[in-house]
Amino acid sequence: MTIKTGILHVLSLLLLFTLPLLVFSFNAKNTLLNPDFYDKVLQENKFYENLSQNIALFFGDSLGGDGQYFSRAKQTQ
Amino acid sequence: MMQKALPYSAVKKQMKQNMGNLVSFLKGETDSFQMQLDLREAKTIVESESAARLGRRAENESVDAGAVAHSIAERIPDKLDFSQGLNSPVLMDRISEARIFVKIFLFAAEILAIAVAALIVLIIVVARDLKLAARRIGYPFFVTGIFSFASSSLLPLAMDKALGALPQFALGTGVQGVAASFLKGFLEPVKTQALALLVVGAVLLVFSFLYKRENAPEQPAAEERKKEKRE
């Protein structure tokens with residue numbers, strides 16, 4: 001084995017170890033640090049729908065149901 | 001009524017903006033972040049909707065529908081501030097730690113990209129031969145492609161199995177679903193990139209085996225065989 005082949009072996013091995021790291025770091029950068037990724041995951045799991053419903057329920061309760069509007073109107077007057 | 005006033009699309013738009021704020025903060029692009037839902041528009045809708053519903057009956061009983069509708073809408077705050085929940089020192093410490101980690105990660109990722117480019121150039125320079133360089137670069141590309149493709153295909157299966165083995169009360173179905181789609185979303189692009197690496201690696205390897213050097217000296221054994229044939 002000549003020095004040249006030895007160096008090429010080492011360089012090739014280094015490339016072999018760094019390439020997978022590059023692939024995963026590139027993906028981590030493009031997914032974990034990308035708001036669109038979280039948006040997609042949350043949408044798939046119906047997070048927005050649930051949040052919207054929960055907020056509506058919370059304030060809906062505090063406002064009172066449809067039947068209570070008029071009684072509240074009387075109280076206010 | 002509130003659900004009509006604050007539809008799913010409005011929540012989605014604002015939450016996406018909030019996540020953008022958090023990510024920008026973690027990346028170090030901003031020095032602070034806000035996570036809030038603006039409810040002002042919803043308040044206006046609730047007020048007009050309440051006034052409309054109260055309308056006729058209020059007229060009959062001489063009640064001021066507008067004033068009542070206003071008092072109803074006033075019970076809704078202008079905004080829901082989620083940042084208040086993050087104000088605890090322990091949580092802020094964790095977020096600051098995450099910010100430092102993200103900074104180091106982004107720096108390391110850049111160094112890694114430069115290192116890989118430098119290694120490829122070095123291999124080409126040292127090899128000084130297309131055939132040799134193609135083989136030395138093709139082999140790591142091909143192996144990385146196989147490794148990345150296998151891991152991105154097997155990890156979700158292993159995760160599903162691990163989550164499935166847990167008792168049902170250990171994780172809510174919501175958490176299980178989020179974890180699965182999180183991993184799937186993360187690994188889906190890896191699969192495509194792995195395939196690209198695999199193809200590039202295979203092409204380089206095939207090229208290195210088929211390519212014939214223009215000025216390559218003929219092998220002595222081959223020459224001898226030719227001589228034998230002539231004789």
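Looking only at segment A:44-62, count every residue that is within 12 Å of B:VAL178 (Cα to Cα) and either in contact (Cβ under 8 Å) with a residue 12 or more places away in the chain or within 7 Å of another protein chain (Cβ to nearest Cβ) (or both) and tell me the total.
Qualifying residue count, segment A:44-62: 2.
Tell me which of these B:ILE100 doesn't satisfy, since it passes every other one: (1) touching a helix residue (DSSP H, G or I) at 6+ places or on another chain (Cβ under 9 Å); (2) over 30 Å from A:LEU13 (Cα atoms); (3) in a helix (DSSP H, G or I).
(1)
Here are some residues: B:ARG213, B:ARG135. Which one is at pLDDT 70 or above and in contact with a helix residue (DSSP H, G or I) (Cβ under 9 Å, 6 or more places away or on another chain)? Break it down into steps so the answer makes sense when it comes.
Values: B:ARG213 fails: at pLDDT 70 or above.
Exactly one residue qualifies, and that residue is B:ARG135.
Going through segment A:12-40 one residue at a time, which ones are more than 7 Å from chain B (Cβ to nearest Cβ) and acidic (Asp, Glu)?
A:ASP36
What about B:ALA180, is it in contact with a helix residue (DSSP H, G or I) (Cβ under 6 Å, 6 or more places away or on another chain) and facing chain A (nearest Cβ under 10 Å)? I'd like the intermediate steps shown before the answer.
Working: in contact with a helix residue (DSSP H, G or I) (Cβ under 6 Å, 6 or more places away or on another chain): no; facing chain A (nearest Cβ under 10 Å): yes.
Answer is no for this residue.
What helices (runs of 4 or more DSSP H), lying completely within chain A, carry at least 3 residues that are modelled with pLDDT of 85 or more and either surrounded by fewer than 18 Cβ atoms within 10 Å (Cβ to Cβ) or not β-branched (Val, Ile, Thr) (or both)?
On the way: elements: A:3-31, A:35-44, A:47-63, A:68-76.
In chain A, the matching helices (runs of 4 or more DSSP H) lie at A:3-31, A:35-44.
The values are calculated or read from the model by the stated rules, or taken from the named source; none is laboratory data. Since the structure is predicted, the reported quantities are computational estimates derived from the model, not experimental observations. Note that each Cβ is placed from the backbone with ideal geometry, even for glycine, and that neighbours are counted across all protein chains shown.
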